[in-house]
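Q: Below is the structure I would like to discuss, written out as structure tokens.
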Amino acid sequence: MDKRLLDILVCPLCKSQLHLDADKNELICKADRLAYPIREDVPVMLVEEARSISADEVL
């Protein structure tokens, strides 16, 4: 994922900074414990498409 794009993307729910999980190809919102998928190099920034993650995954 392009570093410049990652710098400007925020969680659509709470506007927090997102963190890239390259292994799972997801953007992580630690505040809301949501993982937004990246499909074909395009982040899917829809809350309905995000999956909930456990507290262990947030670390």
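The values are calculated or read from the model by the stated rules, or taken from the named source; none is laboratory data. Keep in mind it's a predicted model, so treat the numbers as computed, not measured. Methodologically, a virtual Cβ is constructed for each residue, glycine included, from the backbone with ideal geometry; neighbour enumeration extends over all protein chains shown. These accessible areas exclude ligands, DNA and RNA; they are computed on the full protein's heavy atoms, side chains included. Shrake-Rupley method; radii C 1.70, N 1.55, O 1.52, S 1.80 Å.
Q: For region 37-51, which positions are farther than 12 Å from C11 by Cα and either open to solvent by 90 Å² or more (accessible area, probe 1.4 Å) or outside any strand (DSSP E or B) (or both)?
A: Result: R39, E40, D41, E48, E49.
For every residue, the table says whether it meets (1) polar (S, T, N, Q); (2) in contact with a Cys (Cβ under 8 Å, 6 or more places away or on another chain).
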| position | (1), (2) |
| --- | --- |
| L13 | no, yes |
| D23 | no, no |
| R33 | no, no |
| P37 | no, no |
| E40 | no, no |
| S54 | yes, no |
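Q: With respect to the numbered conditions (1) assigned to a helix (DSSP H, G or I); (2) open to solvent by 50 Å² or more (accessible area, probe 1.4 Å), which one is the sole condition not fulfilled by L6?
A: Tallying (1) assigned to a helix (DSSP H, G or I); (2) open to solvent by 50 Å² or more (accessible area, probe 1.4 Å), L6 fails exactly one: (2).
Q: Now, a different point. Are there any pairs with C-beta distances below 7 angstrom linking a residue in region 10-27 that is modelled with pLDDT of 95 or more to a residue that is acidic (D, E), with the two at least 6 apart or on different chains, and if so which?
A: Pairs that qualify, where the first residue is modelled with pLDDT of 95 or more and the partner is acidic (D, E), are C11/D32; L13/D32; C14/D32.
Q: Taking E57 and the conditions (1) of a type outside the set (F, W, Y); (2) at pLDDT 95 or above; (3) part of a helix (DSSP H, G or I), which numbered condition does it fall short on, given that it satisfies the others?
A: E57 satisfies all of (1) of a type outside the set (F, W, Y); (2) at pLDDT 95 or above; (3) part of a helix (DSSP H, G or I) except (2).
Q: Examine region 18-36 for a residue that is touching a helix residue (DSSP H, G or I) at 6+ places or on another chain (Cβ under 9 Å), open to solvent by 60 Å² or more (accessible area, probe 1.4 Å), not hydrophobic (A, V, I, L, M, F, W, C) and not in a loop (DSSP other than H, G, I, E, B), and state whether such a residue exists.
A: Yes, there is a match, as at least one residue in region 18-36 is touching a helix residue (DSSP H, G or I) at 6+ places or on another chain (Cβ under 9 Å), open to solvent by 60 Å² or more (accessible area, probe 1.4 Å), not hydrophobic (A, V, I, L, M, F, W, C) and not in a loop (DSSP other than H, G, I, E, B).
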